[in-house]
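Just so you know, all these numbers are worked out from the coordinates, no wet-lab data involved. Quick caveat: nothing in here was measured; it's all calculated off a predicted structure. Cβ atoms come from the backbone with ideal geometry, glycine included; neighbour counts cover every protein chain shown.
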Amino acid sequence: MKLEIPALKMNQKLQTFIGLSILLFGFKFFIASSDSTAYMLIDDVLVGLTVITFVFYLKDWMHLKKVNPLSLVMNIGILSALIFLLITFSGAINSSLAINNSPNSLRTNFISNLVTFIYSFIILGSLSYIFLAFRELYSFKQKRDIKTYFNTMVVFFILASYSTLLQQNADLLYIKDTFFIISILLIIINSIKISWIAFIVKREKKILLFLSIIIAILFVSNIVKISNQSPNMLGQFSPILNQFFKIIGIYGSIYFSILFFTTLFHIPTAEAFDRKAQEVTSLQYFSKLITEVLDFDDLVRTITDIAAKLSNADAAWIAWKEGDGLKSVGNNSIGFLDADLITFFVAENKEKYDLNETVFISLDRFRKKSQLGESFSNITVSPLRAHNELKGYLLTGKKNNFLFDDEDKNALDTFSDYASVAIENSRLFEESIIKERLEKELDLAREVQRKILPSKNPDYEGLTISTVFIPAFEVGGDYYDFFEIDKYNFGFVIADVSGKGISAAFIMAEVKGIFESLSKTIKTPKNILIKANEILQRTLDRKNFVSAAYGFLDVKNETMLISRAGHCPIILIRNNAIENLRPSGIGLGLNFSEHFSNTLEEIKIDLRENDIVVLYTDGITEAKNKLLEDFGSDLFEKILIENCDKDADDIANKVIREVTLFSQNHPQHDDITLVILKWKQKLKIDGEKEWQNSALQPKI
């Protein structure tokens, strides 16, 4: 809606202008000309209103455009040249139409009036644009409101133009002259206010110098031509418009004459001003880039490009710290070989120069200077720091013995601080992307691990089972599981994959698949571990191994078979006493020869009432406190003995609580897994009577 309202107003002003133009055309063509005051007054009012409405329309149109002072000057020059051509050929047009000695022919008069109307309207439109262009140039880059001075001048322009109506009365001519002289004085005063010159670059100032002298000559020529022209087509159309044309011509002549000399005086200092403007613009632009996170490669290229412009250098690059050395990145106008040679020279002599701030270094004593592809003679080196840590150096270079100065040093000192912050932001951004990607991967791994571990423990009458799994990281390498063999037997396993994190979790997932498939075909723990070791030979590398304990529980015969492949001891609690069962065996993946099977032992436990079997990983016994002391086996066994009369869940909760309190001031460094099986009572089964509780079936 906000865009539609200005467009609607512009259309209304254009329609008003067209309507007044048609009215003026009708008045000029269909009402006989007269020297009467009323006729002249109506004619001048119509001309004035037509000019004003067109000026207002052009004003709105120009406001929609981006103001560029050099473009405005060029447009003024083009329109001045157009007016020059119109005035030059208007005499020939008058002669061809026999304006001086025309016969009393309606057709001849109509054509003559039409040509004069078109000629005057072209000049009217050109003058309107030139007037508004002067207005835009006057207010461009002004820091305070000075429109009052310009508006006052415009008022006297109008008064001086309309005072031509008084020229028939000799006694009132002084009024016309007074308004005209005041207009000239105001033109001179307002033409001095040319602040926008300082905001254009040296190249544009050189163009402006040429344009201003050409345009000033055109304005003077137009005034002289139209003053010496008799008869004057514009004067015949409207004396007021003719006078306004002369005033604008004088304005243009004075303005562009002053503009020429002002620009001429600005040329010597233009380069220094352009450089300062470039510094400010570059720092402003780069300060925005700090808040925008960029790719590292794009960022260093931007940094070196701006650094070269700030210091007026021929080349720029960054010596980025990698390990103990420096690597050239973001090379701008310098080859990689040249950059590496100079960077190596700086690294060799960094103790000689104080590189805590920007320093100038001459390459006169550079031994390998002859190997450079370009004739660099001087360089600057600025440190890039983040959190008081040196990240690298920003280097710029000049050729052919051109020197850097203190202004270059100050600019690079300031800029290197901005660059350091931007690089740190880029690094943090890249880290956040990596972290976000890892978090997504970990979410997936957590979900996979959640599905791998049992969703609930098996439920048998006379047996209680409690399990706890606490990964040290988002995912862990510990694993436990239960497998239904038949209605009287079920298997159980606990394992610990070497290493931590995602890699251990993936190995753990593979181990689950192996044990799950083997449990359906092999009936002894020892043979399952032997076969598992053979399968893992194809996937485990030498850096990884798996410790495991696998057991079978026969609920009918109240026996347990168990084998241990390098895992923590199996704890048996019986009659308030602890026995650490250590059947021999080495970890899965440590050896794939017969040595593994020869050393693997399988033991049998005849279960008694209230027997407790505890399987665990070393995340419990190796939990550390703030003094880096281990939780240890003694404290672990003490807690088990003190709570052995309780249910399995209560025992597990007590253990985890004590471990947590013990290590509360030290981060968990390993996964914690605890499996407790408590045999409550002996179950009697009559001969051929079917077992009433199918294994791994929850009680209903």
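A few comments on the model shown:
- Globularity index of the chain, i.e. its alpha-carbon radius of gyration over 2.2 N^0.38 Å: 1.82
- Per-residue ³J(HN,Hα) for segment 356-363, Karplus 6.51 cos²θ - 1.76 cosθ + 1.60, θ = phi - 60°, Hz, x for Gly and Pro: 7, 8, 5, 10, 9, 10, 7, 9
- For Asp478, the amide hydrogen comes within under 5 Å of the amide hydrogens of Val497, counting only partners 5 or more places away or on other chains and with H modelled in the peptide plane.
- Relative contact order of segment 373-510: 15 percent, from C-alpha pairs under 8 Å at least 6 residues apart in sequence.
- Under a 5 Å amide H cut-off, with hydrogens placed 1.01 Å from N, His567 pairs with Ala548 among residues at least 5 apart or on other chains.
- 19 Å reach of a label modelled at Phe261, 7 Å along Cα-to-Cβ, counting backbone N of segment 178-193: 184-193
- Relative packing of peptides 379-386, 117-124 - highest average C-beta neighbours within 10 Å first: 379-386, 117-124
- Proximity of backbone amide H atoms, modeled 1.01 Å from N, is registered between Leu590 and Val546 at under 5 Å, excluding neighbours fewer than 5 places apart on the same chain.
- In order along segment 648-665, the phi-based Karplus estimate (6.51 cos²θ - 1.76 cosθ + 1.60, θ = phi - 60°) of 3J(HN,Hα) comes to 4, 4, 5, 4, 4, 4, 5, 4, 5, 4, 5, 5, 5, 5, 5, 9, 5, 9 Hz; Gly and Pro are listed as x.
- The string of couplings for segment 505-515 from the Karplus curve (6.51, -1.76, 1.60, θ = phi - 60°) is 5, 5, 5, 4, 5, 5, 4, 4, x, 5, 5 Hz, one whole number per residue in order, with x for Gly and Pro.
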